[in-house]
Every structure is written in structure tokens, then in C-alpha cells.
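Structure first, then comments.
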Amino acid sequence: MNLKISALDFVQEVKTGNISVEDFIAKTLEQIQNVDDKLHAFLSINEQSIDQAREIDKKIKSGDKIGDCFGMPISIKDNLCIKDSKTTCASKMLENFVAPYDATVITKLKQQDAIFVGKVNMDEFAMGLTTEFSAFGPSKNPWNEDYVPGGSSGGSAVSVASFECVASLGSDTGGSVRNPASFCSTVGYKPTYGLISRFGLISYANSIEQIGPLTRTVKDTAFILNMISGVDPNDNTTIDNFNQDYLSEIDSGIEGKKIGIIKEMISEGIDSEVLSATKEAIKKLESLGATCEEISLDMVQYSVAAYYTITATEAGSNLARYDNLRYGYDFPVEGYEFNSYISKARRHFGPEVIRRMIVGGFVPSSGQAGKYFLKALKVKSKLTREINDAFKKFDLLISPTVPILPFKIGEKINDPVSLFLVDINTVAANLTGKPAISIPFTFSNGLPIGIQLMADSNNDKMLLQAAYALESTVTLPEVSL
């Protein structure tokens with residue numbers, strides 16, 4: 001049985017009776033068993049997957065109404081709540097936390113008869129971009145197991161790239177869907193802020209994070225987006241997309257579109273191979289009828305500093321709830337007074353979470369807020385104005401998703417500043433609320449390179465059309481496991 005099919009192909013194969021859902025799920029679980037010991041994408045497996053598949057097969061045979069997913073195996077980043085399932089955020093603090101409710105995206109996919117085969121690895125509380133900061137060990141890049149898969153949604157990208165599922169859901173705060181998508185050669189989508197409900201997503205930085213799909217093709221991304229987008233009364237930041245069909249007219253092409261090449265994202269610090277790939281992508285877009293022209297966005301150079309200041313502040317607030325009273329684990333309390341007890345409990349956070357909690361307590365504090373937090377908000381505002389002005393001239397903006405190739409596990413883990421700078425091309429979309437997508441484009445020395453396209457808010461459909469056009473110009477190898 002071919003596990004290497006797209007989501008849309010899976011639906012078609014089940015519809016026509018060429019495969020049964022039970023057989024496909026069984027084969028998927030077998031694949032997880034075969035490869036995950038070395039890749040470590042999954043933190044937990046849904047033991048009821050086979051039973052759920054049998055129920056869907058019965059519904060198909062009896063002619064009952066079936067949801068659009070037809071039993072599709074989907075992996076879920078472990079910061080999204082699934083009722084009665086562990087949701088750990090890859091942290092010891094939530095190691096035994098069982099979610100009491102479903103996230104809205106989970107509810108919507110359940111209504112469409114998706115099967116969640118398991119929860120996947122991530123950087124602890126989504127703080128990181130290599131998946132090395134998981135309390136349960138790093139995931140590994142399926143293209144070369146010595147290299148990082150990206151993060152924080154590394155488990156999602158690995159599970160899609162290694163055929164352990166058909167699609168996955170991750171979360172993107174500063175590139176956490178697009179970065180691993182680029183490093184693992186999958187499609188990764190960060191939607192317009194508010195297009196997808198965040199209800200049931202364990203928060204890192206509420207004002208800029210979004211849930212997004214990781215898939216094998218752009219069409220699959222559009223297919224998933226059709227099911228999980230839209231207004232949610234449980235999330236007041238959601239926007240009405242008027243039931244837009246992102247799959248329809250996806251092959252419209254980009255003839256006549258104007259594309260801005262972000263100068264600051266292809267200059268200092270970019271690997272030569274990545275720059276070469278970006279130039280090739282620009283040529284391909286021009287051959288499809290687009291006009292490409294360089295544009296300068298001065299605020300990009302300050303975007304990483306602003307991003308980490310703002311997100312650390314919000315993270316410090318969000319993580320205050322983890323006091324080991326409502327969430328946590330048992331340890332002897334005799335001899336501790338209240339503050340020392342909480343301090344002792346929080347030592348079980350990982351190094352990256354502790355680092356951001358400390359920064360998040362400092363930068364908005366009395367006497368420091370004006371120096372750091374308020375300045376970061378000003379950068380965010382100026383960057384938003386710059387990008388809004390750019391979209392008055394251009395339909396899309398292009399850059400490499402990540403300015404460097406995937407790097408070896410452990411290579412940058414002790415150099416947080418160097419790690420932070422890897423985000424320079426992705427954080428702008430989060431700070432400004434714009435939709436952005438990473439499209440697999442080429443390889444260098446056996447390692448993937450992704451290209452990022454960004455559009456103006458609420459232009460997700462046009463962005464997917466452009467991504468599909470670029471995707472159609474490349475043929476990429478399949479990973480060998």
C-alpha cells in the first residue's frame with residue numbers, strides 16, 4: 001500500500017474503494033513503529049485509531065454521510081488539546097496533563113472524520129526552532145538524522161515527510177510551521193491572523209501565534225484550510241472568511257502579479273546555496289508571468305529583537321499558571337514555604353523556557369518597559385506600516401524561508417543569539433498578521449531548501465494560488481527511510 005500519497009489522493013482512493021481506511025491506518029501505524037525509534041516524531045500514539053478506522057469503513061459501506069477527511073491519518077502538535085488525551089507541550093510540567101476538551105480545530109476535523117494517529121514532538125511550550133528543546137528528546141531530520149528538523153513544530157514536519165501521517169497541524173509563532181517545513185521539505189502554512197481559531201491551543205504568545213497545517217502539497221494545505229478556518233465564538237480574534245473555498249481556482253496562475261523581493265532577507269548571513277535557490281525561484285515565477293522587483297524593508301533588521309521581546313513578555317504571563325498547584329507533578333513539599341515551593345517546581349522547566357520566562361519578567365518591568373517592551377511595540381507598528389505600504393505596490397513578497405541550510409543537532413543549542421537569528425525571514429509575517437507559506441523548492445548536499453511567499457491580510461486564497469504555481473515548476477525526490 002502506498003503511504004506516499006497526498007491528502008486529496010487519499011480521499012479519492014477511499015471514495016473509489018481502492019483502499020480501506022482500516023488498512024491505511026494499520027499501514028500508517030506500522031510505518032510509525034518502523035521509523036519513529038530513530039526519528040522520534042511522536043510523543044504518543046492514539047491506540048483507538050484502528051477502531052475508529054473500522055467505524056468509518058462501516059459508514060462508507062452502509063452509505064452513511066462521511067466527512068471530507070474519510071478517515072485521513074493526521075498528526076497533531078502536542079500543544080493542541082484533544083479531549084481525554086495527554087497534552088504535554090513536550091514539557092515535564094505537563095507530562096501527565098489530560099486535556100478536558102477539544103481545541104476548535106480538533107472539533108472541526110473530527111466532524112470531517114479525520115483520525116488523529118498521535119501527538120507529535122515540539123520544542124517545550126513551542127519555544128525553540130530545532131525541536132532540541134523538547135523535554136522528551138529531539139526529533140531528527142528524515143533527510144539526514146544528524147541534522148535538526150526545525151521547530152518548534154518539528155514533530156509535525158518529520159511525521160509528514162516520513163509518511164507517518166498524511167497531514168499535520170502545528171502552531172506558528174515566529175515561523176514554527178514554516179521553518180520545519182523548509183528543513184524537512186514539506187509545505188507549511190501560517191494563515192492570516194484570526195483565520196483559524198486558537199481555542200484549545202496552549203498559549204505561548206497570544207497576539208501573534210496561529211495554528212497552521214503541514215502537508216505534502218499546496219492543494220492539501222488548501223483542503224485542510226477549508227475545514228479548519230472561520231469564525232469561532234470561543235476565540236474573539238477569529239475573522240469571518242465567508243466560507244471561502246481555498247481549493248477552487250487554485251490553478252489560476254500568477255500571470256500579471258507583482259512580487260517584491262525583500263532585500264534584507266537575501267543579504268547578510270544567507271548561505272550561498274539558499275541565495276542561489278531563491279534566485280532560481282524568482283526566475284521560475286517570472287517565467288510564469290509574474291514581475292519581480294527588489295524592495296527594502298528597513299524594519300526587518302530589528303524584527304527578531306522586537307519579536308523575542310514581545311513573545312517573552314507574553315510567555316512570561318502565560319507561563320505564570322504553571323505553579324505546580326493546578327498543573328505539574330508530585331514531589332515532597334515538607335519544609336517549603338509557598339514561594340520556594342513554586343521556585344522548586346519551576347526548575348523542571350527546560351533551559352529555553354526558563355530563559356524566556358526570565359526575559360519576560362524583566363523587559364516589561366517598572367523602569368525597563370520603556371527601554372525594551374515599548375520599543376519593541378514601536379518596531380512592530382513600523383514594520384506593519386512598511387509591509388502594508390509594500391502591498392500597495394506588490395501582490396506578494398518573496399524570500400527564502402530560512403536563510404541557512406539545516407544544521408547539525410547540537411551545533412547551535414548553546415548559542416541562543418545565533419539560533420534566534422534563524423527566524424529573521426519568518427517573524428515578519430507573525431508580527432504583522434500576514435499569511436505566509438513555505439514551499440519545498442530544491443536540495444543542496446541532500447538537505448532541503450524552502451521558499452517563502454507572503455501576501456496581505458485576508459489574501460490567503462491568492463497566496464495559495466501563487467504557491468501552487470511555484471510548486472508546479474519543481475520535481476523533488478522522496479525521502480528514503
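Within the range 66-86, can you find the residues that are in contact with a Leu (Cβ under 7 Å, 6 or more places away or on another chain) and either more than 17 Å from LEU169 (Cα to Cα) or among the β-branched types (Val, Ile, Thr) (or both)?
Selection gives ILE74, ILE76.
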## Note on the structure
Residues of the range 289-301 being over 17 Å from THR432 (Cα atoms) and open to solvent by 50 Å² or more (accessible area, probe 1.4 Å), in sequence order, are THR291, GLU293, GLU294
### Message
If a residue must be in contact (Cβ under 8 Å) with a residue 40 or more places away in the chain and under 22 Å from the mean Cα position of the chain (by Cα), how many such residues does the range 389-424 contain?
### Response
24
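Can you find, within the range 97-113, the residue that is farthest from ASN324 (Cα to Cα) among those that are touching a strand residue (DSSP E or B) at 6+ places or on another chain (Cβ under 7 Å) and open to solvent by 10 Å² or more (accessible area, probe 1.4 Å)? Don't jump to the end; show me each part of the working.
At the first step, the residues of the range 97-113 found to be touching a strand residue (DSSP E or B) at 6+ places or on another chain (Cβ under 7 Å) are 97-98, 103-106, 109.
With open to solvent by 10 Å² or more (accessible area, probe 1.4 Å) added as a condition, the list becomes 97-98, 104.
Numbers: PHE97: 12, VAL98: 15, THR104: 27 Å.
Here the residue is THR104.
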### Pair list, Cβ < 6 Å and 6+ apart or interchain, from the range 297-321 residues that are in contact (Cβ under 8 Å) with a residue 24 or more places away in the chain to residues that are among the hydroxyl-bearing types (Ser, Thr, Tyr) and open to solvent by 10 Å² or more (accessible area, probe 1.4 Å)
THR309/TYR372; ASN318/SER203
### Task
Please tell me if PHE42 is modelled with pLDDT of 95 or more, aromatic (Phe, Trp, Tyr), closer than 20 Å to THR186 by Cβ and touching a Phe, Trp or Tyr at 6+ places or on another chain (Cβ under 9 Å).
no
### Given (1) more than 15 Å from the chain's Cα centre (by Cα); (2) closer than 23 Å to GLN452 by Cα; (3) buried (at least 20 other Cβ atoms within 10 Å of the Cβ), number of the condition THR238 does not satisfy
(2)
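When you check ALA222 against the structure, is it of a type outside the set (Asp, Glu), in a loop (DSSP other than H, G, I, E, B) and modelled with pLDDT of 95 or more, yes or no?
For ALA222, the condition - of a type outside the set (Asp, Glu), in a loop (DSSP other than H, G, I, E, B) and modelled with pLDDT of 95 or more - is not met.
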### Message
Every residue in the range 67-98 that is of a type outside the set (D, E, K, R), under 22 Å from the mean Cα position of the chain (by Cα) and in a strand (DSSP E or B), please.
### Response
PRO73, ILE74, SER75, ILE76, LEU80
## Note on the structure
Only one of (1) touching an Asp or Glu at 6+ places or on another chain (Cβ under 8 Å); (2) surrounded by 14 or more Cβ atoms within 10 Å (Cβ to Cβ) does not apply to THR311, and that is (1)
### Query
In the range 270-288, what residues are surrounded by fewer than 13 Cβ atoms within 10 Å (Cβ to Cβ) and more than 17 Å from VAL474 (Cβ to Cβ)?
SER272
### Query
Here are some residues: PHE349, PHE420. Which one is crowded, with 21+ Cβ neighbours inside 10 Å and aromatic (Phe, Trp, Tyr)?
PHE349
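Anything in the range 423-453 that is at positive phi and open to solvent by less than 20 Å² (accessible area, probe 1.4 Å)? List them, or say none. Step through it out loud before you land on a result.
Residues of the range 423-453 at positive phi: 433, 445-446.
The one that is at positive phi and open to solvent by less than 20 Å² (accessible area, probe 1.4 Å): GLY433.
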### Query
Which of (1) out of contact with any Lys or Arg (no Cβ under 6 Å at 6 or more places or on another chain); (2) farther than 25 Å from ARG321 by Cβ; (3) not in a loop (DSSP other than H, G, I, E, B) does MET227 not meet, given it meets every other one?
(1)
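The values are calculated or read from the model by the stated rules, or taken from the named source; none is laboratory data. All values derive from a computational prediction rather than experimental measurement. Note that each Cβ is placed from the backbone with ideal geometry, even for glycine, and that neighbours are counted across all protein chains shown. Each accessible area value is taken on the protein alone, full model and side chains, heavy atoms only, with ligands, DNA and RNA left out. Shrake-Rupley method; radii C 1.70, N 1.55, O 1.52, S 1.80 Å.
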